[in-house]
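Participant: After the structure tokens below, expect a handful of questions from me.
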Amino acid sequence: MKLDVSSEELVAIRRHLHSQPELSFTEHKTAEFIESKLQELGFTTTRCADTGVIAILEGQHDGPTLLFRADIDALPIHELNHVDYRSEEPGIMHACGHDVHTTIGLGIAKVLSTQTKHLHGRIKFVFQPAEEASPVDAPIGAERMVAEGALENPAVDAAFAFHVMPTLDVGKIGYTGGPVWARSELVEIEITGKKAHAAYPHEGVDAVLIAAQVITALQTVTSRRVDARHACVLTIGKIEAGNSYNIIADTARLTGILRTLSDETAELAMKEVERVVQGISQGLAGEGKVTFTAGARLTANNTKLERRVVDHLKARLGDERIVAHEPQMGAEDFASFSRRVPSCYLFLGVRNEAKGIVHMLHTPYFDVDEDCLKVAVDGMASALLDIARTWRTL
């Protein structure tokens, strides 16, 4: 299969998107740009979740429905890179590579639009908004698209995606062999004591003291209660308590995150968090309440599907370019797809020390070596054709 898209075209698309970032659920110009590019190729586009875009490419042979997902939103970060394509929106930046993911989706769409005579089934291109939004108030991003039918009409058989990875050299693609991104829980703890003057602490119940004991004891959840062979991160990142230096605080609020690479570990850790909070609070004459709010669920690959894709990519791009990679404790709402249909989510190398492209995701200096674009488009377009053709043998 010959690529029908040039590196120059891919770079131009990526740089346009990078210079025009939009935050979650406000990706109006981005959606219009995506629609225009797809319509130029002859696609009919539909909207989903307001600013999400879906387009379907029909092959000339019977086969499965394969979904390729690209997230499209940016972050509230002010870009500090001095490049021609830097963000034109103060305080907003594509610091997580979604401009790259969108470019890859559009590139694959262009390549495969010339290959319909070889395509079995169909490819559903999903350009998803609001991957970066908080799920506290309502379903966001992928979950909202699923709720609005993104996996139906026609029903999706498998889903695929990339994520840029600044710890991986450009030209390489990483796979995990199972879990990819962690399950995430927002942890909110409220401790109730009794207010008193600081000079008479025996008349009160010190919520700050209880909070301090709770924070320390919570570290035993990961170090003593969870199997050391199972990844688990519990971090308290925010504390609010008290209203004066000379008053015993009657309330303290702690906020943090819980991240795990299995549902079983998450359920165990949540039970242990509640036990610690309630036990210490009651033991020190106060009360403790824990609230968990579900974030992204565990993103995990179907190992059989992943192996098939990896084998194809090795044959297409070379063994040395397809490498095993550790799963990440960050969270990703692609889980809304991967927990419902077999999925394959890969890491795309974008690092190039010689060019100074070494900065991590969600930082104001993040950038990518744009040679990654053609690698991803070539590899995934070819893999999708192969998976569609051989679907019945999976």
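Participant: Quickly run through region 115-149 and pick out the residues that are under 16 Å from residue 49 (Cβ atoms) and assigned to a strand (DSSP E or B).
Facilitator: 124, 125, 126, 127, 128 - these are the residues of region 115-149 that are under 16 Å from residue 49 (Cβ atoms) and assigned to a strand (DSSP E or B).
Participant: Separate question: Any idea which of 254, 258, 268, 234 is closer than 14 Å to residue 218 by Cα, in contact with a Phe, Trp or Tyr (Cβ under 8 Å, 6 or more places away or on another chain) and modelled with pLDDT of 95 or more? Break it down into steps so the answer makes sense when it comes.
Facilitator: Details: 254 fails: in contact with a Phe, Trp or Tyr (Cβ under 8 Å, 6 or more places away or on another chain); 268 fails: in contact with a Phe, Trp or Tyr (Cβ under 8 Å, 6 or more places away or on another chain); 234 fails: in contact with a Phe, Trp or Tyr (Cβ under 8 Å, 6 or more places away or on another chain).
Being closer than 14 Å to residue 218 by Cα, in contact with a Phe, Trp or Tyr (Cβ under 8 Å, 6 or more places away or on another chain) and modelled with pLDDT of 95 or more holds for just one of 254, 258, 268, 234, which is 258.
Participant: Take residue 304 and decide whether it is at pLDDT 95 or above, farther than 19 Å from residue 237 by Cβ and not polar (S, T, N, Q).
Facilitator: yes
Participant: Tell me which of these residue 280 doesn't satisfy, since it passes every other one: (1) among the hydrophobic types (A, V, I, L, M, F, W, C); (2) in contact with a strand residue (DSSP E or B) (Cβ under 6 Å, 6 or more places away or on another chain); (3) outside the structural domain of residue 101 (by TED's automatic domain parsing).
Facilitator: If we test residue 280 against (1) among the hydrophobic types (A, V, I, L, M, F, W, C); (2) in contact with a strand residue (DSSP E or B) (Cβ under 6 Å, 6 or more places away or on another chain); (3) outside the structural domain of residue 101 (by TED's automatic domain parsing), just (2) comes out false.
Participant: Among the numbered criteria (1) surrounded by fewer than 22 Cβ atoms within 10 Å (Cβ to Cβ); (2) under 17 Å from the mean Cα position of the chain (by Cα), which one does residue 184 miss?
Facilitator: Exception for residue 184: condition (1).
Participant: Ok, one more. Look through region 46-87, keep the residues that are of a type in the set (Asp, Glu) and within 24 Å of the chain's Cα centre (by Cα), and return whichever of them is surrounded by the most Cβ atoms within 10 Å (Cβ to Cβ). Talk me through it step by step, then tell me what you get.
Facilitator: Initial filter on region 46-87 (of a type in the set (Asp, Glu)): 50, 58, 62, 71, 73, 79, 84.
Adding the requirement that they be within 24 Å of the chain's Cα centre (by Cα) leaves 50, 71, 73, 79.
Details: 50: 14, 71: 29, 73: 26, 79: 27.
The qualifying residue surrounded by the most Cβ atoms within 10 Å (Cβ to Cβ) is 71.
Participant: Also: In region 88-113, how many are buried (at least 21 other Cβ atoms within 10 Å of the Cβ) and within 20 Å of the chain's Cα centre (by Cα)?
Facilitator: So the answer is 14.
Participant: Looking at region 81-114, which of its residues are assigned to a loop (DSSP other than H, G, I, E, B) and more than 21 Å from residue 133 (Cβ to Cβ)?
Facilitator: 81, 82, 83, 84, 85, 86, 88, 114
Participant: Something else: Test residue 43 against the stated conditions and say whether it is more than 24 Å from residue 345 (Cα to Cα), surrounded by 13 or more Cβ atoms within 10 Å (Cβ to Cβ) and touching a residue at least 40 places away in the same chain (Cβ under 8 Å).
Facilitator: Considered against the rule, which asks whether it is more than 24 Å from residue 345 (Cα to Cα), surrounded by 13 or more Cβ atoms within 10 Å (Cβ to Cβ) and touching a residue at least 40 places away in the same chain (Cβ under 8 Å), residue 43 comes out as yes.
Participant: Still on this structure: Enumerate the pairs (first residue in region 347-366 and touching a residue at least 24 places away in the same chain (Cβ under 8 Å) and surrounded by 17 or more Cβ atoms within 10 Å (Cβ to Cβ); second residue anywhere and assigned to a helix (DSSP H, G or I) and not hydroxyl-bearing (Ser, Thr, Tyr)) with beta-carbon separation below 7 Å, excluding pairs fewer than 6 apart on the same chain, so at least 6 apart or on different chains.
Facilitator: Once the first residue is touching a residue at least 24 places away in the same chain (Cβ under 8 Å) and surrounded by 17 or more Cβ atoms within 10 Å (Cβ to Cβ) and sits in region 347-366, its partners that are assigned to a helix (DSSP H, G or I) and not hydroxyl-bearing (Ser, Thr, Tyr) give 348/372; 348/376; 349/372; 350/372.
Participant: Kindly indicate the residue of region 211-256 that is part of a helix (DSSP H, G or I) and among the basic types (Lys, Arg) and also surrounded by the fewest Cβ atoms within 10 Å (Cβ to Cβ) among those meeting that condition.
Facilitator: Step by step, filter region 211-256, then rank; the result is 224.
Participant: Does region 28-36 contain at least one residue that is acidic (Asp, Glu) and assigned to a helix (DSSP H, G or I)?
Facilitator: Taking every residue of region 28-36 in turn, at least one turns out to be acidic (Asp, Glu) and assigned to a helix (DSSP H, G or I).
Participant: Checking the condition out of contact with any strand residue (DSSP E or B) (no Cβ under 6 Å at 6 or more places or on another chain), over 28 Å from residue 349 (Cβ atoms) and surrounded by fewer than 22 Cβ atoms within 10 Å (Cβ to Cβ), which residue from 167, 116 passes?
Facilitator: Details: 167 fails: over 28 Å from residue 349 (Cβ atoms).
Of the residues listed, the single one that is out of contact with any strand residue (DSSP E or B) (no Cβ under 6 Å at 6 or more places or on another chain), over 28 Å from residue 349 (Cβ atoms) and surrounded by fewer than 22 Cβ atoms within 10 Å (Cβ to Cβ) is 116.
Residues checked against (1) more than 21 Å from residue 113 (Cβ to Cβ); (2) touching an Asp or Glu at 6+ places or on another chain (Cβ under 9 Å):
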| position | (1), (2) |
| --- | --- |
| 5 | no, no |
| 16 | no, yes |
| 23 | yes, yes |
| 39 | no, no |
| 47 | no, yes |
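Participant: If you don't mind, another one. Restricting to region 194-210, give me the number of residues that are surrounded by fewer than 24 Cβ atoms within 10 Å (Cβ to Cβ) and either in a loop (DSSP other than H, G, I, E, B) or touching a Phe, Trp or Tyr at 6+ places or on another chain (Cβ under 6 Å) (or both).
Facilitator: At the first step, the residues of region 194-210 found to be surrounded by fewer than 24 Cβ atoms within 10 Å (Cβ to Cβ) are 194-205, 208-209.
Now narrow it down to the ones that are either in a loop (DSSP other than H, G, I, E, B) or touching a Phe, Trp or Tyr at 6+ places or on another chain (Cβ under 6 Å) (or both): 195, 198-200, 204.
Qualifying residue count, region 194-210: 5.
Participant: Return only the number of the condition from (1) free of Cβ contacts under 8 Å to residues at least 24 places away in the same chain; (2) buried (at least 22 other Cβ atoms within 10 Å of the Cβ) that residue 191 does not satisfy.
Facilitator: With respect to (1) free of Cβ contacts under 8 Å to residues at least 24 places away in the same chain; (2) buried (at least 22 other Cβ atoms within 10 Å of the Cβ), residue 191 is out only on (1).
Participant: Would you check if there is a residue in region 283-303 being in a helix (DSSP H, G or I) and among the small types (Gly, Ala, Ser)?
Facilitator: The answer is yes; a qualifying residue exists.
Participant: Given 303, 291, which one is under 23 Å from residue 144 (Cβ atoms) and surrounded by fewer than 17 Cβ atoms within 10 Å (Cβ to Cβ)?
Facilitator: 291
The values are calculated or read from the model by the stated rules, or taken from the named source; none is laboratory data. Source: prediction; values computed, not measured. Methodologically, a virtual Cβ is constructed for each residue, glycine included, from the backbone with ideal geometry; neighbour enumeration extends over all protein chains shown.
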